[in-house]
1. On a 0 to 90 degree scale, rounded to 10, what angle separates helix 11-22 from the longest Cα axis of the chain?
2. Expressed as a rounded percentage, what relative contact order does the chain have, with Cα pairs under 8 Å and six or more residues apart?
3. GNM, the chain, Cα, under 10 Å: largest mean-square fluctuation among ALA256, ALA174, ALA74?
4. Can you tell me how much longer the chain between ARG21 and LYS311 gets when fully stretched, taken as 0.36 nm per residue apart minus their C-alpha distance, in nm with one decimal?
5. Can you sort HIS185, HIS95 so the residue with the fewest Cβ neighbours within 10 Å comes first?
6. Taking amide H atoms as placed 1.01 Å from N in the peptide plane, list the residues 5 or more away in sequence, or in a different chain, whose amide H sits under 5 Å from that of ILE186.
7. Mind checking the angle between helix 92-101 and the chain's longest principal axis? C-alpha axes, 0 to 90 degrees, to the nearest 10.
8. Please state the relative contact order of the stretch 116-265 as a whole percent: Cα pairs under 8 Å, 6+ residues apart?
Amino acid sequence: MKVLLTGANGFVGSHVLDRLRARGITTAVLLRPAGNKRFIEAHLPHLEVRTGSVGDPQSLGAAMQDVTHVVHCAGCTRALRVSEFHEVNQVGTRHVVEAVNQQQGRIQRLVHISSLAAGGPATADKPARENDPPNPVSEYGKSKLAGEQEVRGACQPEYVILRPSAVYGPRDAAFLPLFKAVKAHILPRLGSGRLALSLVFVKDLAEAVVTCLTHPAVPGKAFYVASPEVTSAPALAGEIAAQMKAWTLPLPLPTAALWPLCVLQEAVSRLTRKPSVLSRQKYAELRAPGWVCNPERLRQELGFVCATTLKNGITATLAWYRQQGWL
Ligand SMILES: NC(=O)c1ccc[n+]([C@@H]2O[C@H](COP(=O)([O-])OP(=O)(O)OC[C@H]3O[C@@H](n4cnc5c(N)ncnc54)[C@H](OP(=O)(O)O)[C@@H]3O)[C@@H](O)[C@H]2O)c1
């Protein structure tokens, strides 16, 4: 087996790379010329680096010339322009699928990383299941759903689609502001303050991805990937505060206050040319009643459970942030 991994230098991709290398699986990575290699430095001497982009079909064809499996983890999660989501997550995925199809049957399987956002919001009493009709609420979610449709509609070799819930863990920048807020003794309470969440610790997700490369039960299917432990935004912030031994004061951020905050952050990010976590697109996700999925299919059909508890996952994440001086 030889794997081509896209998005290898990103948060999720770098953990997938760790797992592939730990399992001794020969791996080539697709990197953009200016891609930051800080998370994968240690692997570089043992890797074949193939320069390219999902926006450049020719580079994808060349990158796949001798591989048997592809993990497509590259994606756009923050953007300055809404169209970037579609360019990377839909059109980029189309290019990956076309390149896979052009390899004359050598490629045996594509593992495609989608998102819970493609399915849309769901509450703890009715968590999202794989067969529910999709209802994405943000352009990000719509672009991830469109990416899935590219895979389902055209991929000739076996494929599997994974829909992770929100991912956290070492190297993640998206949850870092919450840790920083807690360190500053602020406990943000979004919207109603009860937002229910599924989360997945990044190392569990990476293990699920590698399992899906060879598992006989997965082809042609989609799977939500999340810890069975459903949490909530306040419980998550509370766990972080408890582990940081930080006293906190609640800062209510009602939905009405979130909108101007998102608009402001988006304006700042346009000026600085750096996409931010908060944006009008993110607002559509933040005002949802919940982001909960049911990972039961993964357990039943693969025997796979994302077993890291929230407590242990936060401990590992906090330790890494501190060790790296991020916090
Ligand atoms: N983080 C989450 O909570 C979460 C949840 C569900 C699903 N996902 C999915 O997981 C995947 C990885 O997300 P992440 O959180 O790890 O994001 P990330 O840290 O921003 O990583 C994104 C990766 O995609 C690469 N990429 C972006 N545009 C590209 C292009 N045009 N050509 C080639 N590579 C490109 C980036 O390379 P550069 O360094 O060159 O930009 C980077 O390696 C995405 O598909 C995302 O939708 C993430």
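None of the figures in this text is laboratory data; all of them are computed from the coordinates on show. Since we're looking at a predicted model, the values are computed, not measured. Please note: Cβ atoms are built from the backbone with ideal geometry, for glycine as well, and neighbour counts cover all protein chains shown.
1. Helix 11-22 and the main axis of the chain meet at about 50 degrees.
2. Numbers: 659 pairs, mean separation 61.3, N = 327.
Once normalised by length, the contact order is 19 percent.
3. ALA256
4. Details: separation 290, 0.36 × 290 = 104.40 nm, distance 2.69 nm.
That works out to 101.7 nm of additional length.
5. Ordered from fewest to most neighbouring Cβ atoms within 10 Å, HIS185, HIS95 come out as HIS185, HIS95.
6. The list, which skips near neighbours in sequence, is LEU249.
7. The helix 92-101 is inclined about 30 degrees to the chain.
8. Details: 203 pairs, mean separation 43.0, N = 150.
Over the stretch 116-265, the number comes to 29 percent.
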